[in-house]
Amino acid sequence: MSRVVALIDGEHYPPVVRFALEQLAGDHEVVAAAFLGGTEKVDLDSENEAYGVPLVSAETAEAAVASAIEHYGPDLVADLSDEPVVTSADRFRLAGVALSHGVEYRGADFHFSPPTVALRTVTPTLGLIGTGKRVGKTAISAYVARLLKARGRDIVVLAMGRGGPAEPELIRGDEVALTTPDLLDLARQGKHASSDNYEDAVMSRVTTVGCRRCGGGMAGETYFSNVPAGARLADTLGKELLVLEGSGAAIPPVHADASVLVVGAGQGLTYVRDYFGPFRLGKADAVVLATAEEPNATAEEIAAIRGAIDEVRPGIPVVATTFRPAPIEPVEGARVFFATTAPEAVLDKLSAHLEHKHGCTVVAASSHLSNRSLLRRDMVAASGAYDLLLTELKAAAIDVVATAGEEAGVPTVFCDNVPVSVDGGDLDGLLVEASRLALERGAGRGA
């Protein structure tokens, strides 16, 4: 019989709540009730005798739920409360508290389960998770890989993506440099040759394992994935550290010894303050606030996000960053067509950086790398004006950009996205400390 903590409020008449608890006890062992607030139908001076089970109260509803879970160790939190004591937004926060403790959260017409941890590897693990797609997770992952490799760490990156392989795919990026012709050949074999594992291998020259997933739940669960099989493969390689790269807002179903959360500043405040934003913050040891510059987000919006992060996780290390394009081959003197997934509003800024830092002339740029029809339109419009294609290695980079370049006899150069601190924070220090925590915690546990 499962152990249950019930959530109750003072807007329900105590005999009605007691009736509900007795009904719940027909299938569960009701070990306690957490009182969420409300005074209309309850005498707070005698509340401890009103319900027939131990009652837990606290300054906030979240604190009451956390205290009840920590003290009574339930398998399930059953929400018997209602408006106006708790709103739908409140319930997401309460669900996040339960899920962060590995406990199911269930109400009259909703049910949330903690994301599955299907595997614990022998190799220590560092998780890189995000609040959504296009927040810069893969760029941060590639940067982490280069940073740790430069410091002598022997790592493997496991990337799961919506375009990943049917079977986990090992790429010895530390031994073999994948070229544009190599990736075109892979695309002709029916592979998504700009999937995250290829990007990690090309940009960082480290070993990668590519996996796939389909479907993502609100708390980060994947509906289907081959990530556990990929993690088992990575675990056989004898590496010092396994970097687990999430996909969108989905979290790899593998235990992470430490985690870095990448928050997209352009997504807005709600992605950290509401829904399961607090849950994801609760899993993190550090936060990278990405694309934290105008026009992606105003200074006021960035300050509000940082304030929300500090409210949910006081004292957690946060570094605000943005990304700058960096070709992995020389492009000096070339007339460039630049393809990116970045918003159109930042194209001028990115193009100016390429020209100033890398000595090329950007004759045309497209923000439609993830929209094949519009990308082809942009390339046709600029036809004849460029002698080099420069593209991020994602979305349509291979099947549209590099393929068109091959047909036209125009070379394709891949472009990294390098994170740069915009608030004076020590990005390298934050990432190295997160990896140190992962190594330390991983060494202290069993598989």
Distant alpha-carbon pairs in region 250-308 (separation over 13 angstrom), percent: 60
Tell me the relative contact order for the chain as a rounded percent, counting alpha carbon contacts under 8 Å between residues six or more apart. 15
Mind listing the Cα extents of region 268-395 along all three principal axes, in Å, largest one first? 54, 30, 25
Using a Gaussian network for the chain with springs between C-alpha atoms less than 10 Å apart, which of these wobbles most: Ala256, Ala334, Ala396? Ala334
Using Cα positions and a limit of under 26 Å, work out the lysines in reach of Lys239, with same-chain residues fewer than 8 apart set aside. Lys137, Lys149, Lys283
Evaluate E = 1/(1 + (r/R0)^6) for Ala385 and Lys357, where r is the Cβ-Cβ distance and R0 equals 22 Å; express this FRET efficiency to the nearest 0.05. 0.55
From the residues Leu36, Ala139, Thr361, which one has its Cα farthest along the dipole of the chain in the positive direction, the dipole being from +1 and -1 charges on Cβ of Lys/Arg and Asp/Glu about the Cα centre? Thr361
Spatially proximal aspartates and glutamates relative to Lys357 (Cα-Cα < 15 Å; intrachain offsets below 8 disregarded): Glu329, Glu332, Asp348, Asp416
Report the rotationally averaged projected area of the chain based on its alpha-carbon convex hull, in square nanometres. 23.1
For Lys191, go through the lysines and keep the ones whose alpha-carbon is under 20 Å away, minus same-chain ones fewer than eight residues off. Lys394
Two pseudo-spin positions, 7 Å from Cα along C-beta at Ala108 and at Ser88, lie apart in nanometres by 1.5
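Where Lys and Arg each count +1 and Asp and Glu each count -1, what net charge lies around Val117 among other residues with Cβ under 13 Å from its Cβ?
Numbers: positive: Arg120, Lys283, Arg445; negative: Glu221, Asp257.
Around Val117, the surrounding residues sum to +1.
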Helix-only [θ]222 nm of the chain, DSSP H runs n ≥ 4, -39500 (n - 2.57) each, per residue, nearest 500: -10000 deg cm²/dmol
Taking θ as phi - 60°, what are the ³J(HN,Hα) couplings along region 241-247 by the Karplus curve (6.51, -1.76, 1.60), each to the nearest whole Hz, with x for Gly and Pro? 8, 10, 8, 9, 9, x, 9
With Cα springs under 10 Å, the Gaussian network model of the chain assigns the largest mean-square fluctuation among Asp174, Asp182, Asp310 to Asp182
Report the label-to-label distance for Gln23 and Glu433 in nanometres (one decimal), using points 7 Å from each Cα along the Cα→Cβ vector. 5.0
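Determine the sum of side-chain charges near Gly173: Lys and Arg each +1, Asp and Glu each -1, restricted to other residues whose C-beta is under 9 angstrom from that of Gly173.
It works out to a net charge of -1.
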How much of the DSSP beta bridge set in the chain is antiparallel, as a percent to the nearest 5? 25
Using only Cα atoms, find the angle between the long axis of helix 88-100 and the longest principal axis of the chain, and express it within 0 to 90 degrees, rounded to the nearest 10. 80
Summarise the long-distance tail of P(r) for region 3-112 by giving the % of C-alpha pairs beyond 23 Å. 16
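Just so you know, all these numbers are worked out from the coordinates, no wet-lab data involved. The shown structure was predicted, so the numbers you read here are calculated from the model rather than taken from an experiment. No Cβ is skipped: glycine too gets one built from the backbone with ideal geometry, and neighbour counts run over all protein chains shown.
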